[in-house]
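The structure appears below as structure tokens.
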Amino acid sequence: MTAELANVAVLGSTGSIGRNTLEVIAASGGRLRPVALSAHSNLDLLVCQAQALHPRWIVASDPLSAATHDWSGLPSDVELLVGTDGLETVARRGEVEIVVAAIVGSAGVAGTWAAVEAGKTVALANKETMVVAGQLVTELAHQTGARIVPVDSEHSAVFQALQAGRREEVKRIILTASGGPFRNHTAQQLENVTLADALRHPTWTMGPKITIDSATMMNKALEIIEARWLFDLRPDQIDVVVHPQSIVHSLVEFVDGSVIAQLGSPDMRLPIQYALTHPLRLPGPATSLDFSERMRLDFEPADLDRFPALSLGLEAARAGGTAGAVLNAANEAAVAEFRAGKLHFTEIVPRCRAVLEQHQFDARPSLERLFELDRWARQEVMRWACL
Ligand code: NDP
Ligand code: MG
């Protein structure tokens, strides 16, 4: 980004990443301008955002909610678009330079895909896009010249640390994981955890789905697959280490043994801003680390027995093809069932494994096939939940 203004579309502006993105934009001194916003169910907040920011377009991605909403408060200079088509339309608009992909789940793939197809800069929070269709998305980006810049804090850290050497000099990357709220729970204690326990993350404030994924460590599993495609790594070049303080956001080891880390407070506004202003670094709203106080940085190996999601993530990363899409959809459905009180916490990961093992693997699927399998995997989880 230059000193000039950049027009930004924020897909998922009512969510945790979306709201943090609007704070970063507000603090940019006019360098970043929000020209499109979207919401799914929180249409009151979307209208508030439109009143405050006057984007060119807003998208209500759920047609049913949009049809029954009272839009009388919408400023007359803001155009309302509806549905997934609306997301794709704004992601492709010529006036939009940067698309922030901040929708949760595989519902975010369509808008991200449209942005990549249109050759935009994509600030990618929606890791599910890479998990579901990483190979196709990265191939498409090569064709269209789209730039995909990570927002996920670990991947932003890797992206920044990679700048210390050449690609062929990278030995491996090490993704840090906080370990979530159940880091020290025994297998028996895990049997008794509740939804409220799982939603209490020790270091990060995030949306509910990723918070539960952090508790099962499925989040790290998805991040392994995300990293594999974002950085074109072999799965055996991706390690995970538990780092409870969430200060070191990830590390890159080079062939000479040097390990480069990126540090910062657990504040998503920092990686969001870097994705929006890269290659520039600008002062911003993120909180600074305080080295005047004693600070500990602990690192411990991840326990694959208590957190089997990690092995599942590695297996899916190795398999490639349809594995990521099936794992992701099974997890989304299992998390929804857990939130509805229909599935126990410790059943989430075994349910995902069962669906993954049962699916008809295809090494080179089309996008349509991936969407089909996404629907199939969700149905499988729901079907078993009813048995
Ligand atoms: P939230 O649940 O807080 O927000 C999700 C956003 O997506 C909301 O704007 C929501 O709209 C919208 N949305 C929900 N369902 C749909 C749908 N079916 N179609 C279109 N839009 C939809 O999630 P987060 O902000 O926590 O996470 C967003 C993404 O960023 C996820 O992929 C997550 O993994 C990733 N991420 C998040 C981090 C964080 O700190 N939160 C850190 C790293 C990555 P509405 O609210 O109106 O229903
Ligand atoms: Mg992360």
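Relative contact order of the range 1-130: 25 percent, from C-alpha pairs under 8 Å at least 6 residues apart in sequence. Remark on Val59: its backbone amide H falls under 5 Å from those of Leu37, Ser38, Ala39, Leu81, a criterion applied only to residues 5 or more positions apart or on other chains, H modelled at 1.01 Å from N. Ordered by 1.4 Å accessible area with all protein chains kept, Glu357, Glu380, Glu300 run largest first as Glu357, Glu300, Glu380. With protein chains left intact and a 1.4 Å probe, residues in the chain average 43 Å² of accessible area per residue. Put simply, the Cα atoms of the range 196-329 extend 45, 42, 29 Å along their principal axes, the longest span coming first. Per-residue packing, averaged as other Cβ atoms within 10 Å, sorts the ranges 32-38, 367-373, 191-197 into the order 32-38, 367-373, 191-197, beginning with the highest. Met268 exposes around 30 Å² of accessible area when a 1.4 Å probe is run over every protein chain in place. Each Lys or Arg adds one and each Asp or Glu subtracts one; over the other residues with Cβ under 11 Å from the Cβ of Leu230, this totals -3. Taken along its principal axes, the alpha carbon cloud of the chain reaches lengths of 57, 53, 42 Å, longest axis first.
A 1.4 Å probe, protein heavy atoms only, puts the accessible area of Trp376 near 70 Å². Within the listed set Arg228, Arg31, Arg92, the residue fluctuating most in the Gaussian network model of the chain (springs between alpha-carbon atoms under 10 angstrom) is Arg31.
Computed FRET efficiency, Cβ-Cβ of Leu64 and Arg172, R0 56 Å: what is it to the nearest 0.05? It comes out at approximately 0.75. Here the Karplus curve 6.51 cos²θ - 1.76 cosθ + 1.60, taken at θ = phi - 60°, turns the phi angles of the range 221-234 into couplings of 4, 5, 6, 4, 5, 4, 5, 4, 8, 4, 10, 6, 10, 6 Hz, with x standing for Gly and Pro.
Whenever you get a sec, compute what percent of the accessible area on the range 248-387 sits on carbon and sulfur atoms (1.4 Å probe). The nonpolar share, carbon plus sulfur, comes to 53 percent.
The relative contact order of the range 71-213 comes to 15 percent, based on Cα pairs under 8 Å that sit 6 or more residues apart. When all protein chains stay in place and ligands, DNA and RNA are ignored, the 1.4 Å accessible-area order of Arg294, Arg318, Arg56, largest first, is Arg294, Arg318, Arg56. At a Förster radius of 22 Å, what calculated FRET efficiency corresponds to the Cβ-Cβ distance of Asp197 and Arg19, to the nearest 0.05? That gives a FRET efficiency of 0.35. Using a Gaussian network for the chain with springs between C-alpha atoms less than 10 Å apart, which of these wobbles most: Gly320, Gly165, Gly105? Maximum among the listed residues: Gly165.
Assuming a ≥ b ≥ c are the square roots of the Cα gyration tensor eigenvalues, decide whether the range 171-211 counts as rounded (a/c under 1.5), prolate (otherwise, with a/b larger than b/c) or oblate. Verdict is oblate for the range 171-211. Among the chymotrypsin sites (Phe, Trp or Tyr not before Pro) within the range 243-305, those in coil by DSSP and having at most 11 neighbouring Cβ atoms inside 10 Å are Phe291. Legend: Rg and Dmax of the range 146-219, from Cα coordinates, 15.9, 47 Å.
The values are calculated or read from the model by the stated rules, or taken from the named source; none is laboratory data. Please read these numbers as outputs of a predicted model, since none were measured by experiment. Cβ atoms come from the backbone with ideal geometry, glycine included; neighbour counts cover every protein chain shown. Heads up: the accessible areas ignore ligands, DNA and RNA and are worked out on the full protein's heavy atoms, side chains in. Shrake-Rupley method; radii C 1.70, N 1.55, O 1.52, S 1.80 Å.
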